[in-house]
Amino acid sequence: MRQKAVRKCDKMVSRKAMVIYFQSKKVVKEIEKLNLNITYVNEKANYAIAYTDTVNYEKAKKQVQALSGIKKVDDSLADMEHLEFKE
């Protein structure tokens, strides 16, 4: 039997969320191509919640703002740094 290699991650990657307001749902596909993790899409209110690494946040925010069909991009008020997960 072959054993699969298991990748161990020593660091926890800090993530940051952004709220993206858009004009049509077609923009969501374009956002997914930018390597953002979209966790929620509200089609009625035309916004999405997306996460990215804190290191890449500013670059990703500028890329999203440059897309056509985007109304505005806000920082999420729910900051993930204060959350603690216990086993």
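Of note:
- All strands (runs of 3 or more DSSP E) inside the chain with 3 or more residues being modelled with pLDDT of 90 or more and of a type outside the set (A, V, I, L, M, F, W, C): 37-42, 47-53, 70-75
- Checking each residue in region 14-40 for being farther than 18 Å from D75 by Cβ and either buried (at least 16 other Cβ atoms within 10 Å of the Cβ) or touching a residue at least 40 places away in the same chain (Cβ under 8 Å) (or both) picks out Q23, S24, K26, V27, V28.
- Taking region 47-64 as the range and being among the polar types (S, T, N, Q) and buried (at least 17 other Cβ atoms within 10 Å of the Cβ) as the test, the residues that pass are T52, Q63.
The values are calculated or read from the model by the stated rules, or taken from the named source; none is laboratory data. Fair warning: this is a prediction, and the values are worked out from it, not measured in the lab. Counting neighbours? That spans all protein chains shown, and the Cβs are built from the backbone with ideal geometry, glycine included.
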